[in-house]
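Notes for the one structure printed next.
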């Protein structure tokens with residue numbers, strides 16, 4: 001299978017290179033917030049690489065829980081806010097970006113909720129069928145509602161952007177989510193993040209388009 005220690009570290013390394021290149025292209029603070037997405041995904045993928053290592057290498061065994069929670073910190077706490085925030089900050093007319101404001105508020109509340117759950121519940125991770133499965137030991141109604149809102153704040157923000165190319169990111173995230181649900185439903189946290197990390201290379205292309213559009217408006 002393509003999901004392994006090597007896959008996580010290789011994707012992390014590639015995304016680090018793309019992330020640095022993207023940040024270098026950014027020209028404003030708002031663009032930097034958006035441009036840093038691939039680099040954040042790189043850290044997340046590398047963290048999961050160490051989760052893989054903790055299963056097979058006794059040296060990393062004591063760090064198993066640390067890297068498990070580090071990976072989930074990105075997957076469940078950072079992204080619900082970062083995605084809508086990074087797109088909202090790029091909007092010049094904030095009044096016309098009401099949908100993004102609403103999604104950002106939902107994302108912030110979701111991040112706070114999931115951070116609380118992550119800090120109060122026990123999480124276990126295990127290798128099942130060549131994938132890492134993350135399990136919260138206390139599944140309740142919050143687990144299901146959180147999943148719905150997570151998809152909402154992850155998939156929809158790009159479609160409300162004034163920049164037409166931004167919808168590409170939304171479609172790529174949507175497609176990766178669909179593939180994950182259909183074929184890897186039991187490992188959705190790990191596998192969707194893997195696909196989304198690879199899809200984040202579109203951020204570089206979108207940022208270049210945003211910069212070009214901004215230049216044209218000032219000509």
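The values are calculated or read from the model by the stated rules, or taken from the named source; none is laboratory data. All values reported here derive from a predicted model rather than from experimental measurement. Virtual Cβ from ideal backbone geometry, glycine too; neighbours counted across all protein chains shown.
Quick notes on this structure:
Results for (1) modelled with pLDDT of 75 or more; (2) touching a strand residue (DSSP E or B) at 6+ places or on another chain (Cβ under 8 Å); (3) part of a helix (DSSP H, G or I), shown as yes or no for each residue.
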| residue | (1), (2), (3) |
| --- | --- |
| 158 | yes, no, yes |
| 172 | yes, no, yes |
| 180 | yes, no, yes |
| 191 | no, yes, yes |
| 206 | yes, no, yes |
| 209 | yes, no, yes |
| 214 | no, no, yes |
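- Test: residue 87 is surrounded by fewer than 21 Cβ atoms within 10 Å (Cβ to Cβ) and in a helix (DSSP H, G or I): no
- Residue in the stretch 90-102 that is surrounded by the fewest Cβ atoms within 10 Å (Cβ to Cβ), counting only those that are over 18 Å from the mean Cα position of the chain (by Cα) and in a helix (DSSP H, G or I): 95
- Selection of the stretch 103-129 for residues being surrounded by 14 or more Cβ atoms within 10 Å (Cβ to Cβ) and either at pLDDT 90 or above or within 19 Å of residue 156 (Cα to Cα) (or both) yields 103, 104, 106, 107, 108, 109, 110, 111, 113, 114, 115.
- Within the stretch 2-16, one or more residues are surrounded by 19 or more Cβ atoms within 10 Å (Cβ to Cβ) and part of a loop (DSSP other than H, G, I, E, B).
- Being within 30 Å of residue 208 (Cα to Cα), in contact with a helix residue (DSSP H, G or I) (Cβ under 9 Å, 6 or more places away or on another chain) and surrounded by 22 or more Cβ atoms within 10 Å (Cβ to Cβ) is a property that residue 40 lacks.
- Checking residue 72 against (1) part of a helix (DSSP H, G or I); (2) under 30 Å from residue 162 (Cβ atoms); (3) modelled with pLDDT of 90 or more; (4) touching a helix residue (DSSP H, G or I) at 6+ places or on another chain (Cβ under 8 Å), the condition it does not meet: (2)
- Annotation for the stretch 54-66: no member residue is under 19 Å from the mean Cα position of the chain (by Cα) and buried (at least 18 other Cβ atoms within 10 Å of the Cβ).
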